[in-house]
Amino acid sequence: MGCFGPAFQACSGCRAKDGPQALRVRAWTCEACAVFLDRHIKASLNVVKSAGPKVLQRALLAIKFT
């Protein structure tokens with residue numbers, strides 16, 4: 001998983017290509033579906049997703065009970 005891969009340029013909600021964002025942009029709203037996106041949260045979820053389903057399940061449970 002590279003830091004400039006397509007996962008970082010697609011909306012997490014609708015998968016629309018929203019293009020690369022400048023590093024100073026930390027949060028934005030998808031123009032296609034109006035989902036609010038946060039660069040740090042999106043990146044951490046992409047890392048967890050690439051680790052596999054068991055890690056994703058544990059991460060989601062940790063978020064739920066935090």
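The values are calculated or read from the model by the stated rules, or taken from the named source; none is laboratory data. As the structure is a prediction and not an experimental result, all values here were calculated from the model. Cβ placement follows ideal geometry from the backbone for every residue including glycine, while neighbour counts extend to all protein chains displayed.
Mind checking which residues of the stretch 1-32 are at pLDDT 85 or above and in contact with a strand residue (DSSP E or B) (Cβ under 8 Å, 6 or more places away or on another chain)?
Ala16, Arg26, Ala27, Trp28, Thr29, Cys30
Using the structure shown, decide if Val35 is modelled with pLDDT under 80 and of a type in the set (A, V, I, L, M, F, W, C).
When the stated conditions are applied, Val35 does not pass them.
Residue pairs, Cβ under 9 Å, 6 or more apart or interchain, first in the stretch 12-35 and within 20 Å of Val47 (Cβ to Cβ) and of a type in the set (Gly, Ala, Ser), second at pLDDT 80 or above and in a loop (DSSP other than H, G, I, E, B). List them.
So the pair list comes out as Ser12/Cys30; Ser12/Val35; Gly13/Cys30; Gly13/Ala32; Gly13/Cys33; Gly13/Ala34; Gly13/Val35.
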